[in-house]
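Have a look at the structure below, then the notes.
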Amino acid sequence: MLESRSTRSEREVRMDANRSERGNAGIAVLVVLSLTALGVGTAGVVRGGARSSRAVQAASVPYLMAGSGTGHVVSVDLTANDTTIQEIAPGVKFNAWTFNGTAPGPVIRVQQGDTVQFTLHNASKNMSHSIDFHAAQTPWDVNYQAVAPGKVFTFSWVARFPGVFMYHCGTPPVIQHISNGMYGAIVVEPAHTLAPAREYVLVQSEFYPSAQPTGGVYYGDYNAMLANQPQYIVFNGEANQFKDHPLVARPGELIRLWVVDAGPSHWSAFHVIGALFDSAYASGNPANAVHGVQTVTIAPGDGWMMELRIPDAGLYPFVTHSFADAGRGALGIIKVDPKAPAAPKSYPTMGDPMTAGVTADTATGTTGPSTGGTGMAGMPMPSPAAGGTSSPPGAASCMPMGTKLEITAPAGASTSGFDKTCLAAPAGLTFTVTFKNLDTGIPHNFAIYSDSNATTWLGGAESAAKIVMGPGSVTYTIKGLPAGQYFFRCDIHPQTMKGVFIVAGGH
Ligand SMILES: [Cu+2]
């Protein structure tokens, strides 16, 4: 913090107190890019034995799965557009070119060995766009070519290499398409199980807005791009957003960061002030481990995965140690706090941008359940590390997500539970839950909590005293929640009347 406290762009940022909803939505989108199909990080101290066994394991992990993979097929859809207005710094509205309406685009998460059935919709009115997956082995002259405005293009590829990779539009001039926002991260989860951890995806990139806005909106300055003079360098699309809204973790918890430098031109010297990385993995491939690392050099177009445990509570800024760039907005904070909410038990959550619309293509068959969370229409999957006990009961009933939810306690609910064991709402949007108690003569209620221990009440009935005697009903209005996996229950019958509450996406 000290190093960058007096930089110019931070002062500018602080002067502007107005944060638009657009910008904050973008944050919610990607902050919770915490994502894995694995469970919550196990709180505890670093165990030397555990770490060395991990290193041994890494050395024996194959770096790729050759051939046609597992045969498991997932669909990934991206829509290209060039009219997205995104707040790239507080008060700075920028005309971004995007995949699925955000820069960076959604985090895509698949399993090693998956066949990715990819579709690009070019929704532009007047510009060609294309795709380039750094995770894929596929001919550039066939599949990475320009897709004309209004056209749809499909191809498939096998995710043979595990890790974290950039994807981007490769239409010339590439520097312009990337500078304006057409990039994102794809995580290919390794075939072997990663240790449970609290996970975040961070994408560093540059923005080159024009000197003056047009109609209140800044447009990309091509000459500034060519001159390599960005005004902002950011994580996940907005300058300093994680300084204002820190990432969180608990002391000693395993933290896993998947970091991509989308560039287009500046390298990231990724560093966490006050911490070291236990392990860092080039391209995020478990076979590529190095240990005890202070700063990870991430080239434009590259990605790394880092694992660390921070023993002591406190604030730990993460930066690019190229401090001119940190001063332009590439600075955030990890807040280590024993009272931090538990990490989500499974990732990704339905509709979360990280899934990029990844859905299982059942028509082409699968080879069994994916452990990665992309096996069932982007639904949360059981955590293998938790022995499946964190599997959302009845997760399939989570569809659809909405802002007008209904849940019913039927007759006999005290033993049989609610009519649903999973509900879902979009991140950041106020929603209502209409709770109907059809259980004549029996009191029930409905409340949402941070976790299954009901640690923090988040909405619905404020207490067990707030009951609805059957028959009766009530509608709760609940303020938008950050993306994540929560818990709901009847306070009076918490053992039997309970379920998973998913908050995700928001668009
Ligand atoms: Cu493009």
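The values are calculated or read from the model by the stated rules, or taken from the named source; none is laboratory data. All figures in this text were calculated on a predicted structure; none of them were measured in a lab. All Cβ positions, glycine included, derive from the backbone under ideal geometry; neighbour counts span all protein chains shown.
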The one condition residue 124 fails out of (1) over 17 Å from residue 76 (Cα atoms); (2) more than 15 Å from the ligand (Cβ to nearest atom); (3) touching a Phe, Trp or Tyr at 6+ places or on another chain (Cβ under 9 Å) is (2)
Read through the list (1) in contact with a helix residue (DSSP H, G or I) (Cβ under 6 Å, 6 or more places away or on another chain); (2) within 16 Å of the ligand (Cβ to nearest atom), then give the number of the only condition that residue 241 fails.
(2)
Out of everything in region 149-172 that is in a strand (DSSP E or B) and in contact with a helix residue (DSSP H, G or I) (Cβ under 6 Å, 6 or more places away or on another chain), what residue ends up being nearest to the ligand (Cβ to nearest atom)?
168
Whether any residue in region 113-121 is in contact with an Asp or Glu (Cβ under 6 Å, 6 or more places away or on another chain), under 22 Å from residue 299 (Cα atoms) and assigned to a strand (DSSP E or B) is what I want to check.
no
Give the residues of region 127-148 that are small (Gly, Ala, Ser), surrounded by fewer than 18 Cβ atoms within 10 Å (Cβ to Cβ) and more than 11 Å from the ligand (Cβ to nearest atom), sorted by residue number.
148
Of the residues in region 107-121, those that are away from the ligand (no atom under 16 Å from the Cβ) and not polar (S, T, N, Q) come to 107, 108, 109, 110, 113, 114, 116
When residues of region 87-105 are filtered for being within 16 Å of the ligand (Cβ to nearest atom) and either in a loop (DSSP other than H, G, I, E, B) or under 21 Å from residue 146 (Cβ atoms) (or both), how many remain?
10
Among the residues of region 269-277, is there at least one that is modelled with pLDDT under 95 and among the small types (Gly, Ala, Ser)?
no
Is it the case that some residue within region 173-182 is of a type in the set (Gly, Ala, Ser), surrounded by fewer than 23 Cβ atoms within 10 Å (Cβ to Cβ) and within 16 Å of the ligand (Cβ to nearest atom)?
no
Taking first residues from region 121-133 that are in the same structural domain as residue 152 (by TED's automatic domain parsing) and over 7 Å from residue 149 (Cα atoms) and second residues anywhere that are among the hydrophobic types (A, V, I, L, M, F, W, C) and within 8 Å of the ligand (Cβ to nearest atom), the pairs with Cβ under 6 Å that are 6 or more apart or on different chains are 129/80; 129/169; 130/169
Considering only region 471-504, state which residues are in a strand (DSSP E or B) and charged (D, E, K, R).
489, 498
